[in-house]
Protein chains: 2
Amino acid sequence: MIAKKYKDMLEEKSVIRSLAEVAGQRAAVIGRENVFDYSLGNPSVPVPEAFTRAAISLLKEKRPEELHGYSPTLGIPSVKAQIAESLNGRFGMQYGPEHIFPVSAVAAAIAHALRAVTQPGDEVLTFAPYFPEYGPYVELAGAELKVVPPDTGSFQIDFEAFEAMLGPKVAAVLINTPNNPSGAVYSASTLTRLAGILTEKSALYGHDIFLISDEPYREIVFDGKEQPYVSSFYANTISCYSFSKSLSLPGERIGYLAVNPACPDAALIVNMCGQISRGIGHNCPSSLMQLAVAQTLDLTADFSVYEKNRNLLYDCLKEIGFEVVKPQGTFYIFPKALEEDSVAFCKKALDYDLVLVPADSFGCPGYFRMAYCIGTEKVERSLPVLRRFAREVYGK
Amino acid sequence: MIAKKYKDMLEEKSVIRSLAEVAGQRAAVIGRENVFDYSLGNPSVPVPEAFTRAAISLLKEKRPEELHGYSPTLGIPSVKAQIAESLNGRFGMQYGPEHIFPVSAVAAAIAHALRAVTQPGDEVLTFAPYFPEYGPYVELAGAELKVVPPDTGSFQIDFEAFEAMLGPKVAAVLINTPNNPSGAVYSASTLTRLAGILTEKSALYGHDIFLISDEPYREIVFDGKEQPYVSSFYANTISCYSFSKSLSLPGERIGYLAVNPACPDAALIVNMCGQISRGIGHNCPSSLMQLAVAQTLDLTADFSVYEKNRNLLYDCLKEIGFEVVKPQGTFYIFPKALEEDSVAFCKKALDYDLVLVPADSFGCPGYFRMAYCIGTEKVERSLPVLRRFAREVYGK
């Protein structure tokens, strides 16, 4: 009895995947270097060498039975302690190892967090534009995703729309800052106001409303600024983190979930994650990876190329006449398309070997996403092509 | 709204975990070397050196952005092809890469398989004695686990009991051979008969009944014998495999699911696994681990110590007068306790610093499990203690 639910999901074509296929076919004809593929968020800068050295020395020096042995269900205690200490030092938090749950990157962290703090039928709110995978994440956890419309002026939060949707069935609010796809970085004032509303509504409805903070881009912030640490604004926060972007390790599937120690249920939630894992396949990360990242917690890959690319693209798009908010972080930029139908816009761009992603599935029709985690040389070569496309097709 | 389901699970104490805690406390007093801990199935032999060399050379030689980059949702194509080729060579199968889904070890493989071939409310049958984690695996996938009573004479299958329970609601049968905890290896004749019944009942009920084969101990078979390859007996088989035991890599969370190419829905099921992953947290394995194990697919750790330990323990237990079936594989032995209440028996054994696991949670009350993946020297030192325990407490 093949499960209908997953079979049906297969039939919904992913726009990003279809685009990647077209780009791949085109690359086979004209060469990969001639396709300006802005579709995929795969980091293009290398992991710091210190990580590679740490992994090699673990493999060479540690007794294999110990290095590769089972880690406890709740993670390797020394790694949890090191993660807590690093967060405390950087963000003035009070985490202990009992608040940290290492897991196979941010999708797994969100899968655990959603199952821990929702009951079947609960609602989860998120803000457009949002990462389209939130749909299956929430639905397959048994809850219902509701999307607050975007504030396209700044891509901060439209608080009026948010308050209108924050009813008694909402168990959790899922945010992503720095944001994929907009590149917005929620300010301290946005986070303060968000926390205030959540506190007020929790009291009004007589139950906790959890903040699930999806923050894999936490360190990728430009202009010398920083992302204010979300959890420091609101006690009932579960931070979902991954080293995929910060250390350029997406294939290694390593991250963690951290529950604010001020959350009354903090230790309970982490313990519950151990139980949730039993049902969803023990997606704990590789023990080698846990031990290696523990040695490079305060490092990041070199993000200067992303900032350089952001500057080049933003200036060019503005010059052409695109409506676009300057990204403050991530490696995405999110302009308004030059016609209402952004799917049609992105299809036309393909004729110029520009692979852009329409934002309908991000809850923001009419916009498109460019992932500029590619070489600067390629970005530079793409700019005259972008200009030509806008001129020839849209008279810009 | 903390999820009641997982909170309740926390309150059910795990017998194995409680025992491990007691053993740990005792080790702190008398030294770890003096506690005869037979409770945990953590491999005690090292990974083959070829694996370590492969991992180091990948880290040294491959471009980091490529080595650590995202792998496709359905796994790294070259790794899938190598796994297929290895299985075809060893077991005369016809797998292609499209039948293989790399995943973070066997718990994750079973989590995907169960979700792919059951609908909510379906039944899944397994055979006692069984790995107690099957309970949460099946329940949290939305199906219901039913346990066929054991054939304690051989720990093969009690076919009469099986047929009586194989009703129209059964969507899948979950087997584990070589078996944890009995050490039984299902024979070709057992598998032939099992396949015959499944074929007959599938026709009778008008729907496929899937065989989910949990086989992390596939290569740990003694006396120069081999485990007949389960999938070769029945088309609708999903093999769930892990390198945890075969390569002594449990902490690295790497394995795969392989669907028999003769299964009409084979490629569909693998594609569905990609969808299932989206909801349960993308538990794909580390890309470094995928690439490293692909170079050592036909190797195993040296299991001779397990066979030596099996011989020592089996001979000693028989000599003492235990009722015990000789294990043909794994690193477990499964004797009948010397009193009806095996929990009481194991508690009394603790006074002798013998850590044994009562089998109530394995669906086989009155028996106990010993995991002999420990050094032979320690097994040897434990034998006089076992003898003294049986003599002093039970007059054996």
Within segment B:66-78, track down each residue that is assigned to a helix (DSSP H, G or I), touching a residue at least 12 places away in the same chain (Cβ under 8 Å) and open to solvent by 10 Å² or more (accessible area, probe 1.4 Å). B:Pro77, B:Ser78
Among the residues in segment B:45-58, are any more than 19 Å from B:Cys284 (Cβ to Cβ) and of a type in the set (Ser, Thr, Tyr)? yes
List every residue pair whose Cβ atoms sit under 7 Å apart, with the two residues 6 or more apart in sequence or on different chains, where the first one lies in segment B:204-222 and is over 15 Å from B:Leu191 (Cβ atoms) and more than 11 Å from chain A (Cβ to nearest Cβ) and the second, anywhere, is open to solvent by 10 Å² or more (accessible area, probe 1.4 Å) and of a type in the set (D, E, K, R). B:Pro216/B:Lys245; B:Tyr217/B:Lys245; B:Ile220/B:Lys245; B:Phe222/B:Glu307
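What tally of residues in segment A:28-46 results from selecting those that are out of contact with any Phe, Trp or Tyr (no Cβ under 9 Å at 6 or more places or on another chain) and open to solvent by less than 10 Å² (accessible area, probe 1.4 Å)? Walk me through it before giving the result.
Of segment A:28-46, the ones out of contact with any Phe, Trp or Tyr (no Cβ under 9 Å at 6 or more places or on another chain) are A:28-35, A:37, A:39, A:46.
Next, from what is left, pick out any that are open to solvent by less than 10 Å² (accessible area, probe 1.4 Å): A:35, A:39.
The total comes to 2.
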Would you say A:Ala3 is crowded, with 18+ Cβ neighbours inside 10 Å and modelled with pLDDT of 90 or more? yes
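Looking only at segment B:95-108, decide whether some residue is acidic (Asp, Glu), at pLDDT 95 or above and over 29 Å from B:Val79 (Cα atoms). Steps first, answer last, please.
Step one: filter segment B:95-108 for residues acidic (Asp, Glu), giving B:98.
From what is left, the residues that are at pLDDT 95 or above are B:98.
From what is left, the residues that are over 29 Å from B:Val79 (Cα atoms) are none.
Within segment B:95-108, none of the residues are acidic (Asp, Glu), at pLDDT 95 or above and over 29 Å from B:Val79 (Cα atoms).
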Given the structure, is B:Gly142 farther than 22 Å from B:Ser277 by Cα and either more than 19 Å from the chain's Cα centre (by Cα) or among the hydroxyl-bearing types (Ser, Thr, Tyr) (or both)? no
Do you know which residues across segment B:223-239 are more than 30 Å from B:Val305 (Cα to Cα), in contact (Cβ under 8 Å) with a residue 40 or more places away in the chain and more than 14 Å from chain A (Cβ to nearest Cβ)? B:Phe233, B:Tyr234
Residue under question is B:Leu249, and the condition is that it be closer than 23 Å to B:Asn271 by Cβ and either buried (at least 24 other Cβ atoms within 10 Å of the Cβ) or touching a residue at least 40 places away in the same chain (Cβ under 8 Å) (or both); does it hold? no
Which one of these does A:Val305 not meet: (1) out of contact with any strand residue (DSSP E or B) (no Cβ under 7 Å at 6 or more places or on another chain); (2) farther than 25 Å from A:Asn176 by Cβ? (2)
Of everything in segment A:302-314 that's more than 17 Å from A:Glu219 (Cβ to Cβ) and surrounded by 19 or more Cβ atoms within 10 Å (Cβ to Cβ), which residue is nearest to the other protein chains (Cβ to nearest Cβ)? A:Leu313
Only one of B:Pro149, B:Pro216, B:Pro178, B:Pro136 is modelled with pLDDT of 95 or more and out of contact with any Asp or Glu (no Cβ under 9 Å at 6 or more places or on another chain). Can you tell me which? B:Pro216
Being touching a helix residue (DSSP H, G or I) at 6+ places or on another chain (Cβ under 7 Å), open to solvent by less than 10 Å² (accessible area, probe 1.4 Å) and within 14 Å of chain A (Cβ to nearest Cβ): is that true of B:Leu299 here? no
The lone condition B:Ser187 fails out of (1) buried (at least 22 other Cβ atoms within 10 Å of the Cβ); (2) at negative phi is (1)
What number of residues within segment B:323-352 are under 29 Å from B:Asp302 (Cα atoms), part of a loop (DSSP other than H, G, I, E, B) and either touching a helix residue (DSSP H, G or I) at 6+ places or on another chain (Cβ under 6 Å) or open to solvent by less than 20 Å² (accessible area, probe 1.4 Å) (or both)? 7
With the checklist (1) more than 8 Å from chain A (Cβ to nearest Cβ); (2) more than 25 Å from B:Val305 (Cα to Cα) in hand, flag the one item B:Tyr38 doesn't pass. (2)
Sort out which residues of segment A:275-296 are within 11 Å of chain B (Cβ to nearest Cβ), open to solvent by less than 10 Å² (accessible area, probe 1.4 Å) and farther than 18 Å from B:Ala109 by Cα, and write them in order of number. A:Ser287, A:Leu288, A:Met289, A:Gln290, A:Ala292
Give me a count of the residues in segment B:354-377 that are surrounded by fewer than 18 Cβ atoms within 10 Å (Cβ to Cβ) and closer than 29 Å to B:Ala301 by Cβ. 3
Among the numbered conditions (1) in contact with a helix residue (DSSP H, G or I) (Cβ under 7 Å, 6 or more places away or on another chain); (2) of a type in the set (S, T, N, Q); (3) within 30 Å of A:Cys364 (Cβ to Cβ), tell me where A:Ser154 comes up short. (1)
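The values are calculated or read from the model by the stated rules, or taken from the named source; none is laboratory data. What you are looking at is a predicted structure, and each value in this text was computed from that prediction instead of being measured. Using ideal geometry, Cβ is built from the backbone for each residue, glycine included, and neighbour counts are taken over all protein chains shown. To get the accessible areas, we keep the full protein, side chains included, count just its heavy atoms, and leave off ligands, DNA and RNA. Shrake-Rupley method; radii C 1.70, N 1.55, O 1.52, S 1.80 Å.
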